[in-house]
Each structure stands twice: as structure tokens, then as C-alpha cells.
1. Test A17 against the stated conditions and say whether it is modelled with pLDDT of 75 or more and of a type in the set (A, V, I, L, M).
2. With part of a helix (DSSP H, G or I), among the charged types (D, E, K, R) and at pLDDT 95 or above as the only criterion, which of R31, R25 stands out?
Amino acid sequence: MSRGIAFVGLLALGLAAQNVLHYARYKRARREQHRALQTWETEGGAVPTGPSQSAAQVTPEPVRADLGA
């Protein structure tokens, strides 16, 4: 019985550690993405679409030469 409780306890600690590491990786990725987006926006690579959002500029598609024929 005590072995089972010890196993469940170690399993819970392992899952908690995995969850903490996943959360840390997620936060780091979001921070780096935000930093990259801020740099990109200051260089003029984005168009603001709202007070807290920006969208990438869309390059227009090239005009095809054979439009009528």
C-alpha cells in the first residue's frame, strides 16, 4: 500500500515538473515572439489594425499580362 502511494506521489511530482517546464517554454516563446513583432513593427513591416493588434502587410499579387486574351 505504501509503495503505491509513493509511486503515485512520484508520478504527481513528475507531472508537476513537466507542467512547469512546459509553461516556462511557452512563456519564453511568447516573450520572444512579442519582441520580434515589436522590432518588426518599428521597422515598418506591419500595419496597425486596432489598438492592440497589427497585421502583416500583404504584397499584392503581380498583374498577369494576359488579362483579356
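The values are calculated or read from the model by the stated rules, or taken from the named source; none is laboratory data. Predicted model, so just to flag it, every value in this text is computed and none were measured.
1. Numbers: modelled with pLDDT of 75 or more: yes; of a type in the set (A, V, I, L, M): yes.
Spelling it out, A17 is indeed modelled with pLDDT of 75 or more and of a type in the set (A, V, I, L, M).
2. Numbers: R31 fails: at pLDDT 95 or above.
Among R31, R25, only R25 is part of a helix (DSSP H, G or I), among the charged types (D, E, K, R) and at pLDDT 95 or above.
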